[in-house]
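Notes for the one structure printed next.
The values are calculated or read from the model by the stated rules, or taken from the named source; none is laboratory data. Here the structure is a predicted model, which is why all the values come from computation and not from measurement. So basically every Cβ, Gly included, is an ideal-geometry build from the backbone, and we count neighbours across all protein chains shown. The protein model used for the area step is the full one, side chains on, heavy atoms only, and it has no ligands, DNA or RNA in it. Shrake-Rupley method; radii C 1.70, N 1.55, O 1.52, S 1.80 Å.
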Amino acid sequence: IYLKSVGRNGSLLLNVPADSRGLINEHDIRALAEFRSLREEAFARNLADSARVSASNVRGNDPRFAAAMATDPGADTYWATDDSVRTAALVAELPKPVRLNCALLQEDIALGQRIESFRIEGWKKNRWAVLDTGTTIGHKRICTFPAVTTRKVRLRILRSRACPVISTLQLFDI
């Protein structure tokens, strides 16, 4: 449910009511704690942390908008293209082949939701293979796909309302 709601730029309504004492029931507290633990465990090891990242275009060749800004831990940094660019690619090259089945993407939503179509690809047998496709990214998009072992992952922006602005590209084996 989390992947299909929060993972698709939506909200997850948990509907945890107070009991007759005005408190959250102990069973609900335990279930919420377990849910949090599962979520933290699944997203604990970002495989893109050690990736070398490159892009088809960088806004004004300015290091403040470099490809690596999409994989850095900063919440206020992002990769951006020149204003005239509406299609682009971001490639994360990992130090060694890894197994992964999930990509977490985020736009810098303060600048607006821009992406209209994208594709996630993995390098397999000396060519790019489609792992997942989607429309909007927005605040958060979690893409899951059958597990693949690869050294390279590419985010292709196929259509965008304005220049793409990607604040987060993370990879996981969940």
Restricting attention to region 44-73, which residues are assigned to a loop (DSSP other than H, G, I, E, B), within 14 Å of the chain's Cα centre (by Cα) and surrounded by 15 or more Cβ atoms within 10 Å (Cβ to Cβ)?
46, 71, 72
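So, of the residues in region 22-43 that are basic (Lys, Arg) and under 25 Å from residue 141 (Cβ atoms), which turns out to be surrounded by the fewest Cβ atoms within 10 Å (Cβ to Cβ)? So that I can check it myself, show each step before the final result.
Within region 22-43, the first condition is being basic (Lys, Arg), and the residues that meet it are 30, 36, 39.
Those left that are additionally under 25 Å from residue 141 (Cβ atoms): 36, 39.
Values: 36: 10, 39: 14.
Of everything passing the filter in region 22-43, 36 is surrounded by the fewest Cβ atoms within 10 Å (Cβ to Cβ).
State whether the residues of region 84-96 include one that is at pLDDT below 95, under 25 Å from residue 112 (Cβ atoms) and not in a helix (DSSP H, G or I).
Step one: filter region 84-96 for residues at pLDDT below 95, giving none.
No: zero hits.
Just checking, which of 172, 145 is among the aromatic types (Phe, Trp, Tyr), within 10 Å of the chain's Cα centre (by Cα) and surrounded by fewer than 21 Cβ atoms within 10 Å (Cβ to Cβ)?
Working: 145 fails: within 10 Å of the chain's Cα centre (by Cα).
None of the other options fit; the residue is 172.
Just checking, does region 100-111 include any residue being in contact with a Pro (Cβ under 7 Å, 6 or more places away or on another chain) and in a strand (DSSP E or B)? Give the derivation first.
The first filter runs over region 100-111 and keeps only residues in contact with a Pro (Cβ under 7 Å, 6 or more places away or on another chain), leaving 101.
Going one step further and asking which of them are in a strand (DSSP E or B), we end up with 101.
Within region 100-111, one or more residues are in contact with a Pro (Cβ under 7 Å, 6 or more places away or on another chain) and in a strand (DSSP E or B).
Would region 87-103 turn up any residue that is among the hydrophobic types (A, V, I, L, M, F, W, C) and either open to solvent by 50 Å² or more (accessible area, probe 1.4 Å) or free of Cβ contacts under 8 Å to residues at least 24 places away in the same chain (or both)? If you could, list the steps in order and put the result at the bottom.
Our first condition is that a residue be among the hydrophobic types (A, V, I, L, M, F, W, C); within region 87-103, this holds for 88-92, 94, 98, 100, 102-103.
From the residues that got through so far, the ones that are either open to solvent by 50 Å² or more (accessible area, probe 1.4 Å) or free of Cβ contacts under 8 Å to residues at least 24 places away in the same chain (or both) too are none.
No, there is no match, as no residue in region 87-103 is among the hydrophobic types (A, V, I, L, M, F, W, C) and either open to solvent by 50 Å² or more (accessible area, probe 1.4 Å) or free of Cβ contacts under 8 Å to residues at least 24 places away in the same chain (or both).
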If you scan region 44-87, which residues turn out to be among the β-branched types (Val, Ile, Thr) and within 25 Å of residue 101 (Cβ to Cβ)?
53, 71
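Of everything in region 118-131, what is open to solvent by 40 Å² or more (accessible area, probe 1.4 Å) and in contact (Cβ under 8 Å) with a residue 24 or more places away in the chain? Give them in sequence order.
Filtering region 118-131 down to residues open to solvent by 40 Å² or more (accessible area, probe 1.4 Å) leaves 119, 123-128, 130.
If the condition is that a residue be open to solvent by 40 Å² or more (accessible area, probe 1.4 Å) and in contact (Cβ under 8 Å) with a residue 24 or more places away in the chain, then 119, 123, 124, 128 are the ones that fit.
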